[in-house]
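Trainee: Attaching a single structure in structure tokens format; questions to follow.
The values are calculated or read from the model by the stated rules, or taken from the named source; none is laboratory data. Note that the structure is a prediction, hence the values are computed from the model and not measured. A quick note on method: Cβ atoms are made from the backbone with ideal geometry, for glycine too, and the neighbour counts reach across all protein chains shown. Ligands, DNA and RNA are excluded from the accessible area calculation, which covers all protein heavy atoms including side chains. Shrake-Rupley method; radii C 1.70, N 1.55, O 1.52, S 1.80 Å.
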Amino acid sequence: MSNHDTKTLDQIKFSVLDLAPIVRGGTAAESFKNTLNLAQHAERWGYNRYWLAEHHNMPGIASSATSVVIGYVAGGTQSIRVGSGGIMLPNHAPLVIAEQFGTLEAMYPGRIDLGLGRAPGSDQLTAEALRRDPSNGHYFPQHVQELMSYFDEKSKYNRVRAIPGEGQQVPIWLLGSSDFSAALAAKMGLPFSFASHFSPDHTLQALAIYRRQFQPSAVLDKPYAMVGVNVYAADTTEEAEFIATSHQQQFLSLIRNTPGQLAPPVKSLEGNWNEFEKAHVMKQILSSVIGNPEEVKQQLQAFLNETQADEMIVNSMVYDPTARLRSYEIVAEVTGMKK
């Protein structure tokens, strides 16, 4: 791509990905208050959408009942789009998701997004507790089709009807951390969001497959790609590096199979991890932007140059809610959203 084709930060949209972190010593109730507070600020600062992610059996993540939290955020905001990043479809009957998102769309018309993932978002034991068949992921394309059919009034499935849901225009996105969903989103002509915030190695390959194989559809005439990015922005580089250590500790606990609540930041992780663990964490969070406002602007532009994304969705697992707000505010400032 030639230089004059390169997009600038003020030409694309920015959104928020929130896992509703429960911090060490905190509660889910506090987490939800912080989520709504961030959503209200994000709306004021010009963010495009606010997505919540489904995870189960995770002590540090409060967004397991994703549809409920989406309703809470949509009810406390005015105009920002609110949705799932994503609903893990193997965990659910497509009819139930059509009804839930049909209900949300009826309550908050024109503001609800339905992002769908193929991973279970949990472990085998949790999948069993959710009463789901482990092979469900293999049927993801069929389940997406079935779900879409419930929104379609003319569908062949309509002996079973999603009420509310039927006839509603809820934008469906496919989410992925590998090539599979990229190819499926291309084939179905759907918008695609890639989880580069935790699967950076596959980002460019997945985007290339999506764009190359894209087939226009009733909802989209050309590819639309969003990428996830971890951002730790603060007024000084030192402060940004400090607040980023909470997320690094969270990844470390996942590697050790000891997930917990979001830990307070530390001055250094040296001595806390071995060389293998450090390399593994750093590889996972390669698509992370850490620094002061000027550094954040440069790093975001570099990531945009690389991905040519149409939109970026920002994840910031920050322990202190005030520091988290400031991180998102800096992104809004350096990208031209917040005037």
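Trainee: Once a ≥ b ≥ c are taken as the square roots of the eigenvalues of the Cα gyration tensor of the stretch 282-337, is the result rounded (a/c under 1.5), prolate (a/b larger than b/c) or oblate (a/b not larger than b/c)? Can you show the working numbers first?
Mentor: Numbers: a/c = 1.78, a/b = 1.26, b/c = 1.41.
Here the stretch 282-337 falls in the oblate category.
Trainee: When a/c reaches 1.5 or more, the comparison of a/b and b/c decides; with that in mind, is the stretch 109-219 rounded, prolate or oblate per its Cα gyration tensor?
Mentor: Working: a/c = 1.94, a/b = 1.18, b/c = 1.64.
It is oblate, given that a/c is not under 1.5 and a/b is not larger than b/c.
Trainee: When only C-alpha pairs under 8 Å and at least 6 residues apart count, what is the relative contact order of the chain, in percent? Numbers along the way, then the final one.
Mentor: Numbers: 688 pairs, mean separation 65.8, N = 339.
Relative contact order comes out at 19 percent.
Trainee: Ranked from highest to lowest mean number of other Cβ atoms within 10 Å per residue, what is the order of the peptides 89-101, 197-209, 251-263? Intermediate values should be presented prior to the final figure.
Mentor: On the way: 89-101: 21.5, 197-209: 18.8, 251-263: 15.7.
Descending packing order for the listed peptides: 89-101, 197-209, 251-263.
Trainee: Among the lysines, which have Cα under 19 Å from the Cα of LYS267 when same-chain residues fewer than 8 positions away are ignored?
Mentor: Of all the lysines, those that pass the test against LYS267 - Cα under 19 Å, at least 8 places apart if same chain - are LYS278.
Trainee: TRP173's amide H: which non-local residues (gap 5+, or another chain) put their own amide H closer than 5 Å, with H modeled 1.01 Å from N in plane and none for Pro or chain starts?
Mentor: Under 5 Å from the amide H of TRP173: LEU114, GLY115, LEU116.
Trainee: Let me ask something else. Based on DSSP, what percent of beta bridges with both residues in the chain are antiparallel, to the nearest 5?
Mentor: Working: 1 of 38 bridges.
Of all bridge pairs located within the chain, approximately 5 percent are antiparallel.
Trainee: Could you sort the peptides 81-87, 286-292, 300-306 by per-residue average Cβ neighbour count (10 Å cutoff), highest mean leading? List each step's numbers first, then the result.
Mentor: On the way: 81-87: 25.6, 286-292: 20.6, 300-306: 16.7.
Order by mean packing, descending: 81-87, 286-292, 300-306.
Trainee: So how do 7-13, 307-313 stack up, highest first, on mean other-Cβ count within 10 Å? Before the final figure, lay out the partial values.
Mentor: Details: 7-13: 13.9, 307-313: 21.0.
The most tightly packed comes first, giving 307-313, 7-13.
Trainee: For LYS33, list the lysines whose Cα falls under 19 Å from its own Cα; do not include residues on the same chain fewer than 8 positions away.
Mentor: Here the lysines satisfying the reach criterion relative to LYS33 do not exist.
Trainee: With a ≥ b ≥ c taken as the square roots of the eigenvalues of the C-alpha gyration tensor of the stretch 16-175, please select rounded if a/c is under 1.5 and otherwise prolate if a/b is larger than b/c or oblate if it is not? Don't jump to the answer; show the numbers that get you there.
Mentor: Working: a/c = 2.29, a/b = 1.22, b/c = 1.89.
Oblate shape, in that a/c is at least 1.5 and b/c is the bigger or equal ratio.
Trainee: Could you work out what % of the accessible surface of the stretch 58-141 is carbon and sulfur, using a 1.4 angstrom probe and leaving DNA, RNA and ligands out of the count? List each step's numbers first, then the result.
Mentor: Values: 1980 of 3330 Å².
Percent of accessible area from carbon and sulfur atoms in the stretch 58-141: 59.
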